[in-house]
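A.B. asks: First, the structure itself, so that you have it in front of you.
The values are calculated or read from the model by the stated rules, or taken from the named source; none is laboratory data. These numbers were taken from a predicted model, which means no experiment stands behind them. All Cβ positions, glycine included, derive from the backbone under ideal geometry; neighbour counts span all protein chains shown.
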Amino acid sequence: INNWSKLVTYKYDHGIKPDPETFVRTLMTKIKVKCSHLTWSLLSKDANSVTYEWQATTCAPPDPSQDDPNIYAAQYEIARLFVGNDGMNTVSYTEKTNKISEDTRTLWIKKLKSARLVKDGNEVKML
């Protein structure tokens, strides 16, 4: 995974049920500590989810001897964080680039906004 250029990820945090917008704002504040050239925006929100994007062009690794300095390369990410009955879910699309194409951005915003939680074959009711 060290040499990726495009990456789709899904993360589930069992039992964590934060306010989505507050969580993202806190996350961006933490990222900005290491990535001084961070820009981000909230694309949409509802009571249980947020769709957001961020771009970091310069980031400092926590340790200069970091095995893979590419982890801190320029990145552009579009993500959706949503809270379900059992915890917090995040799905994202990331490219190691300064800026993604407008077509790619539009496509992934549409895909992420239409994402739904399914458990045991049934759509999960959001909190």
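A.B. asks: Residue check, S49 against (1) at pLDDT below 90; (2) touching a helix residue (DSSP H, G or I) at 6+ places or on another chain (Cβ under 7 Å), all met but one. Which one?
C.D. replies: Against the list (1) at pLDDT below 90; (2) touching a helix residue (DSSP H, G or I) at 6+ places or on another chain (Cβ under 7 Å), S49 comes up short only on (1).
A.B. asks: For the range 9-46, give me each residue that is in contact with a Lys or Arg (Cβ under 9 Å, 6 or more places away or on another chain), outside any helix (DSSP H, G or I) and modelled with pLDDT of 90 or more.
C.D. replies: The answer is W40, L42, L43, S44.
A.B. asks: Among the residues of the range 79-120, write down those that are among the aliphatic types (A, V, I, L, M) and outside any helix (DSSP H, G or I).
C.D. replies: Scanning the range 79-120 gives A79, L81, V83, M88, V91, I100, A115, L117, V118.
A.B. asks: How about the range 5-20: which of its residues are loosely packed, with under 11 Cβ neighbours inside 10 Å and over 13 Å from the mean Cα position of the chain (by Cα)?
C.D. replies: Passing the criteria: S5, H14, G15.
A.B. asks: Also, quick follow-up: If a residue has to be touching a residue at least 24 places away in the same chain (Cβ under 8 Å) and under 12 Å from the mean Cα position of the chain (by Cα) to count, how many in the range 21-38 make the cut?
C.D. replies: So the answer is 4.
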